[in-house]
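Step one of this worksheet: look at the structure below.
The values are calculated or read from the model by the stated rules, or taken from the named source; none is laboratory data. A quick note: this is a predicted structure, and the numbers were derived from the prediction, not measured. Here the Cβ positions follow ideal geometry from the backbone for every residue, glycine too, while neighbour counts run over all protein chains shown. What goes into the accessible areas is simple: the full protein's heavy atoms, side chains included, and nothing from ligands, DNA or RNA. Shrake-Rupley method; radii C 1.70, N 1.55, O 1.52, S 1.80 Å.
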Amino acid sequence: MFRVAFIYIAEPYQCYHTASVASALARHPGYQVTEYVNFPETVAHLSRIRRDLNAPDLPVKFFKKSPLAKLLGRAKRFDRERIVILRENIAELNDYDAIVATEYTAGILKTMGLKKPRLICIMHGAGDRLVNDEVLIRNFDFTLLPGPKVEKYFQNLGYLNTQNSKIIGYPKFDVFEAVRQKKPFTFKNGKDFVLYNPHYQKKLKTYDTCLNKMIAGFDKQDTYNLLIAPHIKIFHKGFGFYKKALKKKNTHTVFIDTGSPAMLDMTYTASASMYIGDGSSQVYEFLANPRPCIFLNPKKLEWRGNPNFLHWTLGEVVETPDQIMPAVFRAFDKHKFYRPLQEKLFLETFGSPVLGASQRGADAICEYLGSEHKKHEIY
């Protein structure tokens with residue numbers, strides 16, 4: 001019997017990348033899967049995913065937390081909290097045969113005393129942005145990748161090779177396929193909506209300079225609604241005041257989501273008619289069905305030729321808030337120029353077929369652990 005722990009050390013968005021793989025793995029004979037969570041609301045998201053997948057709930061445990069970890073959590077110092085929690089739970093995690101995580105931070109477990117379990121990464125997101133701690137991918141024993149683009153990137157860095165990684169696709173698409181059976185999101189007035197998906201990273205953020213002017217611009221026209229779904233980490237600061245301030249900006253044509261499951265499960269990226277963004281990898285999820293995109297560059301970054309901004313080649317890039325609405329109204333006419341590249345980069349990002357990544361991921365984990373077990377028996 002292989003005992004495998006899936007760990008969700010960050011916010012509930014992680015569930016949508018690995019929970020379906022955990023369910024598929026639990027169906028394999030000889031595998032016992034337990035899920036470890038940090039945020040209490042993660043449990044509800046896991047149950048929701050399982051209902052949509054028609055899969056049974058799996059055993060769930062909360063990470064043990066010291067007073068220091070709890071204090072860091074209350075202060076929303078989540079980056080430091082994660083490190084403390086991982087260190088405090090090493091002894092229990094060492095009882096498993098494998099630990100499966102979906103963020104690079106878990107790679108530090110290898111430096112904290114994790115000895116017995118194989119450490120497996122299911123990569124979440126498939127964007128182009130440089131991530132500061134991506135070097136930690138070298139600490140994982142085995143990594144499951146979404147597609148050729150990311151595989152080539154990490155192989156060129158020397159972090160991965162064909163022996164310690166495998167392309168499986170994007171499990172989140174399997175979750176969405178189940179979720180989309182519900183009624184798609186619409187505004188009460190029935191008009192198409194544009195999705196604005198601002199990122200939280202300081203160097204890339206656009207909501208501080210563009211959000212208010214964008215809201216004013218959409219309020220002055222009656223063709224489109226505007227749905228604003230920020231990256232969930234934007235709300236880490238402000239102790240709830242920022243959420244309240246954003247909710248006050250809602251109008252009959254503008255809706256700002258500050259925390260519903262629809263922000264995480266691709267409901268908005270599937271239902272929107274157009275995408276406005278900056279550095280978020282969600283644009284690639286949006287392009288499962290190619291549609292017009294606009295990218296905001298108010299900081300006037302030198303993005304052309306920079307591989308971290310490859311997705312900015314998939315739509316018009318505007319540099320001032322005043323240019324946003326004119327770009328919106330010409331986006332559909334210009335889309336014919338961008339669609340072929342959108343389709344090409346989507347395939348390079350996620351491979352083919354789009355569906356079935358959850359089962360492929362579970363099978364890859366079984367094959368890897370079985371192979372490692374045989375090596376251990378030999379030696």
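Shown here are the Rg and Dmax of the Cα trace of segment 129-210, at 18.3, 53 Å. Dimensions of segment 221-379 from C-alpha coordinates, computed as largest minus smallest value along each principal axis and given longest first, are 69, 42, 30 Å. Put the Cα centre of segment 244-290 next to the Cα centre of segment 32-49 and the gap is 23 Å. The percentage of C-alpha pairs in segment 36-155 whose separation is greater than 26 Å is 28%. Bridgeable aspartates and glutamates around LYS336 (alpha carbons under 13 Å apart, same-chain partners fewer than 8 residues away excluded): GLU316. Taking only the Cα atoms of segment 73-129, the radius of gyration and Dmax are 12.5, 36 Å.
Solvent exposure of SER20, expressed as accessible area, is near 10 Å², computed with a probe of 1.4 Å over the protein chains only.
Shape summary: segment 8-106 maps onto an equivalent ellipsoid whose semi-axes, from the alpha-carbon gyration tensor, are 24, 16, 11 Å in decreasing order. The simple spin-label model puts a point 7 Å past each Cα toward its Cβ; for ASP141 and ASN308 those points are separated by 3.3 nm. Taken about its Cα centre, segment 190-317 carries a charge dipole of roughly 600 debye when the Cβ of each Lys and Arg holds +1 and the Cβ of each Asp and Glu holds -1. A Cα-only calculation for segment 34-90 places Rg and Dmax at 13.2, 39 Å.
Quick check: residue separation of ASN161 and LYS344 times 0.36 nm, minus the Cα distance between them. What number comes out in nm? Walk me through the intermediate numbers first.
Details: separation 183, 0.36 × 183 = 65.88 nm, distance 2.39 nm.
Gain on stretching ASN161 to LYS344: 63.5 nm.
With a cut-off of 17 Å on the backbone N, no residue of segment 173-203 is near the modelled label site 7 Å out from GLU367 along Cα-Cβ.
Please report the carbon-and-sulfur percent of the accessible area for the chain; probe 1.4 Å, protein heavy atoms only, DNA, RNA and ligands left out. Numbers along the way, then the final one.
Numbers: 9420 of 17300 Å².
Carbon and sulfur: 54 percent of the exposed surface of the chain.
In the structure shown, the pairs LYS205/LYS244; LYS220/LYS249; LYS191/LYS213; LYS202/LYS244; LYS191/LYS300 are assessed against 24 Å; a Cα-Cα span above that value is assigned to LYS191/LYS300.
Rounded to the nearest 500, the helix-only mean residue ellipticity at 222 nm of the chain stands at -12000 deg cm²/dmol, with each DSSP H run of n ≥ 4 adding -39,500 (n - 2.57). Between LYS249 and SER352, the distance separating the two model label sites (each 7 Å from Cα on the Cα→Cβ line) works out to 4.0 nm.
Dimensions of the chain from C-alpha coordinates, computed as largest minus smallest value along each principal axis and given longest first, are 69, 45, 40 Å.
Label point of GLN221 set 7 angstrom out along Cα-Cβ; within segment 276-290, amide nitrogens under 15 Å from it belong to 276-277.
Extension gain, ASP208-GLN323: 0.36 nm per intervening residue step, less the Cα-Cα distance, totals 39.8 nm. Considering only ILE99, ILE90, ILE365, the mean-square fluctuation computed in a Gaussian network model of the chain, springs between alpha carbons under 10 angstrom, is largest for ILE90. Taking all Cα pairs closer than 8 Å and separated by 6 or more residues, the relative contact order of segment 250-338 comes to 23 percent.
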